1. Please report the spacing between the Cα centers of segment 118-136 and segment 23-98 in Å, no decimals.
2. Determine, for 47, 4, 118, the number of other Cβ atoms within 10 Å of each Cβ, and report the residues in order from fewest to most.
3. For segment 66-72, in order, what is each residue's ³J(HN,Hα) by Karplus, 6.51 cos²θ - 1.76 cosθ + 1.60 with θ = phi - 60°, in whole Hz (x at glycine and Pro)?
4. In what order do 29, 75 fall by count of nearby beta-carbon atoms within 10 Å, going from fewest to most?
5. Each residue of segment 11-27 in order: what ³J(HN,Hα) in whole Hz does its phi give by Karplus 6.51 cos²θ - 1.76 cosθ + 1.60, θ = phi - 60°, with x for Gly and Pro?
6. Cut-off is 10 Å between beta-carbons; in what order do 45, 124 appear when sorted fewest neighbours first?
7. Of 35/133; 20/122; 37/74; 24/171; 68/130, which ones are farther than 26 Å apart at the Cα?
8. Could you give each residue of segment 124-131 its phi-based ³J(HN,Hα) in whole Hz, using Karplus coefficients 6.51, -1.76, 1.60 with θ = phi - 60°, and x for Gly or Pro?
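Bear in mind that the values in this text are calculations on the coordinates, not laboratory data. Because the structure is a prediction, the values reported are computed rather than measured. Cβ coordinates were reconstructed from backbone atoms using ideal geometry, including for glycine residues, and neighbour counts include every protein chain displayed.
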Amino acid sequence: MNDVLIVYESGYGSTETYAKHIGKALSARTLPASKLKAADLNGIRTVVIGSNVRISKLPVLKRIKRHKALLRNKRVLFFAVGLTDPSDGIFDKLSSDNPDLESLNAEALYYYPGAFDVSTFKWRHRMLMKFLKFALSKNQNRSAEEDGLLNAIENPVDERDMTLTTSLVEKVKEG
Ligand SMILES: Cc1cc2nc3c(=O)[nH]c(=O)nc-3n(C[C@H](O)[C@H](O)[C@H](O)COP(=O)(O)O)c2cc1C
């Protein structure tokens, strides 16, 4: 589909894997948000925007902010990739932590599980996880989310599941 563009921000590859899978399923161009130029949006009707989750932030939003006016005229579908269990209300939290998400006016929001392997992280993220591990292990009243994070810091996880993208792909095709 020549009028569909997939734009994504990925730190360690999970969001990129989903974005490329969606791009392939839709025969659409896939582009890292850091490379997005205004000209890439020419002739595009639908933009699928994907972001990794970083300390509850959606880094793609900052990247695409400069194209806000152009995106306003497009159909937008959004997906986030994170570690948190995709429970109901995940986008209530993400929206309150990322006010720019609402202004995208996305037709649909999707959440996909990612991967987490501290040994592959950059130094500053490894240090952050070391600190978090220390703080979380001292906390006797951890939430399920904090328990999940502590577990993932100690044991690498990879929950990526490309079959979850089917409903997004179908929605784009519906037009
Ligand atoms: C520094 C850092 C902070 C993170 N913070 C969160 C978070 O707040 N919530 C969450 O669900 N996942 C969080 N994650 C997990 C990532 O979202 C997950 O690993 C995802 O697969 C990352 O996608 P990427 O490989 O495209 O960067 C964090 C990961 C890192 C490295």
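1. 26 Å
2. Exposure proxy ranking, most exposed first: 118, 4, 47.
3. 5, 9, 3, 5, 5, 5, 4
4. In order of increasing Cβ crowding within 10 Å: 29, 75.
5. Once θ is set to phi - 60°, the couplings for segment 11-27 become x, 10, x, 5, 5, 4, 4, 5, 4, 5, 5, 5, x, 5, 5, 9, 6 Hz.
6. Placing the least packed residue first, the sequence is 124, 45.
7. 35/133; 68/130
8. 3J(HN,Hα) across segment 124-131, in whole Hz: 5, 6, 5, 5, 4, 5, 4, 5.
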